[in-house]
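Report on the structure given below.
The values are calculated or read from the model by the stated rules, or taken from the named source; none is laboratory data. Because the structure is predicted, anything quoted here is derived from the model rather than measured. Counting neighbours? That spans all protein chains shown, and the Cβs are built from the backbone with ideal geometry, glycine included. SASA here: full protein model, heavy atoms, side chains in, ligands and nucleic acids out. Shrake-Rupley method; radii C 1.70, N 1.55, O 1.52, S 1.80 Å.
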Amino acid sequence: RQGVRLGPVVATPTRWTLLVAPYSLEVLGELLHSQDWVPGSLRFHGDGGYVALPPSRTGAGRVRWERAPRPAAAGAGAGTTPWLPDVATVVDVLVEESAGTPGGGSRLAH
């Protein structure tokens, strides 16, 4: 709806995870600091963090692809490497959409 190209999306029965290209905590800090408000439902994984990928099972249930990885376009990174959006591309949209969600985005619909 916002015209943002999404990369892979991992889903469990309780949460969606949007995968993005690697980023530094400094870049993320600047992006979040520029927002008027950041919902508590947004979680970011840095060094040492992990995300369960399909076909894993977690305590919440089966992990599945809501949006499977797609190869990068021809050129740099093409081939078997999946295309991942830059974190800056998705943060603004996630914050904006969360602000309009009942409960302040703490339970984004998926």
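List of remarks:
- Here residue 55 passes the criteria (1) at pLDDT 90 or above; (2) within 14 Å of residue 92 (Cα to Cα); (3) open to solvent by 80 Å² or more (accessible area, probe 1.4 Å) except the one numbered (2).
- Residues of the range 16-41 that turn out to be farther than 13 Å from residue 93 by Cα and surrounded by 15 or more Cβ atoms within 10 Å (Cβ to Cβ), as a count: 6
- Some residue of the range 27-37 being assigned to a loop (DSSP other than H, G, I, E, B) and not polar (S, T, N, Q): yes
- Within the range 1-15, the set of residues being of a type outside the set (D, E, K, R), on the phi < 0 side of the Ramachandran plot and modelled with pLDDT under 90 comprises 2, 4, 6, 14.
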